[in-house]
Amino acid sequence: MSAILAIGRPQLKSAFASVVPLAIFLALLGYFGLRAPGFLEPATLILILKQAIPTAVLGLGLSIVVIAGGDDVVAGGIDLSVPSIAVLSAAIIADQLANHGSAAVTAVALGFAAAIAAGAANALLVTRVGMTPLLATLATSTAYIGLSKVVTANRRIDLSDPLIVTLRDGSILGLPLGLAIATGLAVTAHFAVHRSRWGLRLQAVGGNRDAAEIAGLKVRRFLAQSFLIAGAFGGAASLFVLARGSGSTPGVAETLLMETVLATFLGAAFSPRRVVTVWGAVLGAILVSALSIGFGSVGVDVFWTGCIKGGLILIVVAASALARRSGT
Amino acid sequence: MTAPVLPLTPVSPPAGASDFLVLEAISKGFPGVQALDGAGLGVRAGEIHGVVGENGAGKSTLIKVLAGVYRPDAGRILLNGAEIETGSPDAVQAAGVRFIHQELNLVPHFTVAETIFLGQELSGPFGLRTGAMRRAAEAFLKDSLDAAIAGNRLIADLGIAERKLVQIARALIDGKARVVVFDEPTAPLSHTEIEHLFRAIDALARRGIAMIYVSHYLSEITRICHRVSVLRNGRNVGLVDPVGPDDADRLISLMVGRDIGDLYPKRNHAAAAPWLKLTSLSQSPHYADVDLELRRGEIVGLAGLIGSGREELVDTIVGLARPASGSISIDGRPLRSGSTAAAAGRGLAHVPRDRRNDGLVLAMNVADNINLASLEAVSTGGFVRRGAATTRAQQSAEALDIRPKTVSTAARLLSGGNQQKVVLARGLATGASLFVLDEPTIGVDVGAKAEIYALIERLAAEGAAVLVSSSDPAELLGLCDRILVLLRGRIVAEVTPETTDLDRLVALTTGGDAAGGIAA
Amino acid sequence: MVGTQHFWDREAFNGAVDKVKELGGEVLPVDGGRDNQVHADNHDIFLTNKVDAVISILGDAAVEPKFKALQEKGIPVFTVDHLSPYAINNTTSDNYYIGTTIGRYLADSLGGKGKVAFFNAFEGSLRICGIRAQLAKYVLKDYPGIEIVQPELAEAFANAPEDARKKTLDLLTQYPKGTLDAIHVACWDQPAIGVVQALEETGRTEIKVTAVDAGPDTLEIIAEKDSPFVANIAQQPRKIGSTSAENVAKYFAGQKLLPQTFVDVIPVKGAEEAKKVYAELGYGKLN
């Protein structure tokens, strides 16, 4: 009698799929270092990190939705509206501060309330109405952008409120303040998702919905929570968006969306379990920002940069699809 | 080689001891079917109690009643003398009844420890106590299931047997399990792996846990179980106590025992030249070295349990899957594997087992479904001639007696039998010369079954080659000229209805046949 | 450079780049793709590359912290069309003259009375736009018969012609024939291309269009027979770019620079003047 044994080809493919993105990035970073002398210095690192903040904070929210919904790109968890939520919240805060003379606390509270409400609307559409997250958040994303245009009349609003200036220029223990706060958020999110009881259950819901139900977990509640949390991170990101731009500017959501999605799924390629993780999203955001600065430093045309980033999304998503095919 | 000897000595629970779990006179009906009709079950602490029966005998309904998925129409469930609420999965869980489902349902990127502790994690002020959970998981696997699996390994890296053990450990980790129900636990496992699983189950029995073991594999049932309840048509037809290695025949005769009658048409096939030919077709881990010849005008059956590789073999023939080695040829010319389009181009019509998802476009009407695969016959220059299409569909609907007769009815509104006739009509409309029918009568009522059988018979009489894959041995015996039996991925026998009765065919598919033995 | 999507952007950029190369310098070009945030972030690249000087064209307040960081690192910043306390010099058109002149021309085209809609998204966020829009309004104050439609329109920064075309179509449904007399684009003229398209599509060419910049593309529209586009102020973007580069050279040569260098503008009124200015600025010949 012979047990019919599985053969080893899938492992090879999966190893290939995991090495490719990492190799590409290391090669690119090395190339930047050679071509642009200042690229590998600590000051540059700080700049890269600072530029990565809004994307990273949005990536925290998006990664939690993906973790809870599963990383199937079409049917799984995705929230395309997180950047729009940030832009809407930023618009409200800027409008309140500049045009209504509100106190910073009031303005921020209103912005956050809108962000949470937006997250709740997503949660409702997905868990109660039963829309696929992709479609639901694509639709709400358009609506949130539209709302932000109503609030700002599609104009830029300059801000010089002390809160925004402090967040932009302040520092704590030698670290830029924004960076310190973002790091705090990332550590908290990492602990909640990867080190806590709740987080393990959240991962189970996304990893295998049937398994989660058998373990007695309330699947819909976790899904709804993930969208609410994403909304909250959208609200948090709005402050960084305001600080970075010294005000609210129409039209930033598109770039943010592309970079956030890229960062989040890029992170999966570097995770040992080949899944979307919180710290992976942060790492992804840093890499995306390193690429932007790197390409600029060696004088690559901005249109090419967009093209190359799109190509990278393709490679990463393809690699994760390959890993999935050979996985189970 | 011979079947391996079981390295364990079943501990008999005290004879005559009172049953720890009792399912009493359970009845459950569904529209059109009385799934359970006063069936019962008594299981002692420390006993492994087998439940056998043919498909549709009521095994899975009984298990779902116990699980609280279904609320029975009549009857009650007692655990240690106390009645537990029916129809409530939570109450059953709280009472200490655990289910090891056939599907593993694990998260591939979780570690063993995370999987086992999901839902009852160990947590401290600094979050999850990863180390503690890993050690506890390893200790539990070792002590309770006699298994050495590192707690930090990923599920995706485990073999199927190890995953099964992790699944069991997850059900038992809270230490409150008093009854464990196994549903076909060995289906995906190899023989060595089965031995490992049996050691674990035996270890549980020694700890006094009552176990229900549902399986089609009679050779396993007779080796591991202490007693066996046999169900037929929703009723208990026998309790074999104690059960021993020689009781397979007795179980089979209890399970079968029904009259086939004249459900099946008379066979009258003139054998022609070979049409479909499989040569040493293999696809690990599903099937290996399959040879098969099918002639025009002939109906050949494929028998085998779920997990025997039968489904995968059919998928390969119709182009849904690619074999690892071996070849398929039709009419002497090789067929490009892994392409349904290539297969269809060579005159192969496939009637899938899951007709609602794979066979029909439910949102389309009957006429469109019938014409779907042969639109060129009713089109001019890429445009479908609606009139011609409807007329042709109408004709074939009448020929096959599809009801309702209006072909503009949406396919989703038809009964199962009529849906299946639509799928067959589509195959007929393509003028196919080779039909591969996968579970052609599953979920179809008896009246429609007879019509479908007559239709299959007509296909063969008109010169088509027909391959029927079915989990119903009686159906194969009634319909086919020859039957090939798959067991654990290999063809173990080829029989004809003239020389084989139902008992023997069931014995062959379940590996409970001493003469045929297990695939060697 | 904030973007290279249209004529003004490209010319100012090329003017600066060509002049730097002519003077023997090396250029590290970056392009914000008409996204002010990307434009601002691009300044970080100069910081890491330790360039000798930065010429920064346009940009909103998001660049200020970047200028400050460059200044702290001892890298001198020269701006074009952007006033900043951290810059050595700002080279720009005479925006005061632009604002008052286009205001007068607008009033003239209306015959002193009527309703005018303003595309005015950047009055609050870009200082050059504030000057141009507010001085035009200052002139209009003396014409009590002229009314500015409220609320003002806000055009997009990127892909402006198409965006403005849609917004104009909406505006025209809101103001049926006889209720709107002119549309003024207060700070540039890319949206005016879309505005004229929309007017021609709907046959509302009785509405006059005025704007600021007058590159070859808009001069061609003004030069057309019976064009609704009646007045513009031509800037010299290439000269602005090269002047800024020259200022960098002067700075390194130790010369003292004024905080602002102004480059002349040429008012354009009607088709004939458009043809004349087109030839004068070396764009070719229009018939």
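The values are calculated or read from the model by the stated rules, or taken from the named source; none is laboratory data. The structure displayed is predicted, hence computed values, not measured ones. Cβ coordinates were reconstructed from backbone atoms using ideal geometry, including for glycine residues, and neighbour counts include every protein chain displayed. Calculation scope for accessible area: heavy atoms of the full protein, side chains included, ligands and nucleic acids excluded. Shrake-Rupley method; radii C 1.70, N 1.55, O 1.52, S 1.80 Å.
Only residues that are over 13 Å from residue B:419 (Cα atoms) and assigned to a loop (DSSP other than H, G, I, E, B) were counted in region B:326-370, giving 9. Counting the residues of region B:159-171 that are of a type in the set (A, V, I, L, M) and open to solvent by 10 Å² or more (accessible area, probe 1.4 Å) gives 3.
Please determine, by comparing only the residues of region B:278-299 that are away from chain A (no Cβ under 14 Å), in a strand (DSSP E or B) and open to solvent by 60 Å² or more (accessible area, probe 1.4 Å), which one is modelled with the highest pLDDT. Among those that are away from chain A (no Cβ under 14 Å), in a strand (DSSP E or B) and open to solvent by 60 Å² or more (accessible area, probe 1.4 Å), it is B:291. When the criteria are applied in full, residue C:10 fails the requirement of being within 14 Å of chain A (Cβ to nearest Cβ), buried (at least 20 other Cβ atoms within 10 Å of the Cβ) and under 27 Å from residue C:217 (Cα atoms).
Could you run through region C:133-181 and say how many residues are among the aromatic types (Phe, Trp, Tyr) and within 14 Å of another protein chain (Cβ to nearest Cβ)? I'd like the intermediate steps shown before the answer.
Looking only at region C:133-181, we keep the residues that are among the aromatic types (Phe, Trp, Tyr), and these are C:138, C:143, C:157, C:175.
Retained after the next criterion (residues that are within 14 Å of another protein chain (Cβ to nearest Cβ)): C:157.
Result for region C:133-181: 1.
Taking the conditions (1) under 20 Å from the mean Cα position of the chain (by Cα); (2) more than 30 Å from residue B:174 (Cα to Cα); (3) open to solvent by 30 Å² or more (accessible area, probe 1.4 Å) in turn, residue A:233 satisfies each one other than (3).
Restricting attention to region A:135-181, the residues that are open to solvent by 60 Å² or more (accessible area, probe 1.4 Å) and part of a helix (DSSP H, G or I) add up to 11. If the condition is being within 27 Å of the chain's Cα centre (by Cα) and at pLDDT below 90, then region B:205-219 contributes B:215, B:216, B:217, B:218, B:219.
Report, by residue number, each residue of region A:220-251 that is within 13 Å of chain C (Cβ to nearest Cβ) and closer than 16 Å to residue A:50 by Cβ.
Step one: list which residues in region A:220-251 are within 13 Å of chain C (Cβ to nearest Cβ), which gives A:240-251.
A:240, A:241, A:242, A:243, A:244, A:245, A:246 - these are the residues of region A:220-251 that are within 13 Å of chain C (Cβ to nearest Cβ) and closer than 16 Å to residue A:50 by Cβ.
Considering region B:47-118, the qualifying strands (runs of 3 or more DSSP E), each wholly inside and each with 2 or more residues that are surrounded by fewer than 20 Cβ atoms within 10 Å (Cβ to Cβ), run over B:74-79, B:82-84.
Filtered by the rule that a residue be in a helix (DSSP H, G or I), modelled with pLDDT of 85 or more and open to solvent by 10 Å² or more (accessible area, probe 1.4 Å), region B:479-507 gives a lone residue, B:504. One residue stands out in region C:21-46 among those that are among the aliphatic types (A, V, I, L, M) and under 18 Å from residue C:81 (Cβ atoms): the one that is nearest to the other protein chains (Cβ to nearest Cβ), namely C:30. May I ask you to list the residues in region B:137-157 that are in contact with a Gly (Cβ under 8 Å, 6 or more places away or on another chain), open to solvent by 10 Å² or more (accessible area, probe 1.4 Å) and more than 9 Å from every other protein chain (Cβ to nearest Cβ)? The answer is B:138, and nothing else.
In region C:66-84, which residue that is out of contact with any His (no Cβ under 9 Å at 6 or more places or on another chain), within 24 Å of residue A:45 (Cα to Cα) and within 13 Å of chain A (Cβ to nearest Cβ) is least open to solvent (accessible area, probe 1.4 Å)? Quick ask: steps written out before the conclusion?
Here is the first cut: in region C:66-84, the residues out of contact with any His (no Cβ under 9 Å at 6 or more places or on another chain) are C:68, C:71-76, C:78-84.
Still in the list and also within 24 Å of residue A:45 (Cα to Cα): C:68, C:71-76.
When the remaining residues are screened for being within 13 Å of chain A (Cβ to nearest Cβ), the result is C:68, C:72-73, C:75.
Working: C:68: 74, C:72: 133, C:73: 139, C:75: 17 Å².
The residue in question is C:75.
Within region B:402-409, the presence of at least one residue that is open to solvent by less than 30 Å² (accessible area, probe 1.4 Å), touching a Ser or Thr at 6+ places or on another chain (Cβ under 7 Å), at pLDDT below 85 and in a loop (DSSP other than H, G, I, E, B) is confirmed.
Can you say whether residue A:216 is buried (at least 23 other Cβ atoms within 10 Å of the Cβ) and either within 14 Å of chain B (Cβ to nearest Cβ) or assigned to a helix (DSSP H, G or I) (or both), as far as the supplied structure shows?
Numbers: buried (at least 23 other Cβ atoms within 10 Å of the Cβ): no; either within 14 Å of chain B (Cβ to nearest Cβ) or assigned to a helix (DSSP H, G or I) (or both): yes.
No; evaluated as a whole, the condition is false for this residue.
Is it true that some residue in region B:405-415 is more than 29 Å from the chain's Cα centre (by Cα), under 27 Å from residue B:331 (Cα atoms) and small (Gly, Ala, Ser)?
Taking region B:405-415 first, the residues more than 29 Å from the chain's Cα centre (by Cα) are B:405-410.
Adding the requirement that they be under 27 Å from residue B:331 (Cα atoms) leaves none.
Within region B:405-415, not a single residue is more than 29 Å from the chain's Cα centre (by Cα), under 27 Å from residue B:331 (Cα atoms) and small (Gly, Ala, Ser).
Among the conditions (1) more than 9 Å from chain B (Cβ to nearest Cβ); (2) in contact with a strand residue (DSSP E or B) (Cβ under 7 Å, 6 or more places away or on another chain), residue A:196 misses just one, which is (1). Consider region B:377-401 and keep the residues that are closer than 24 Å to residue B:448 by Cα and part of a loop (DSSP other than H, G, I, E, B). The one that is most open to solvent (accessible area, probe 1.4 Å) is B:401.
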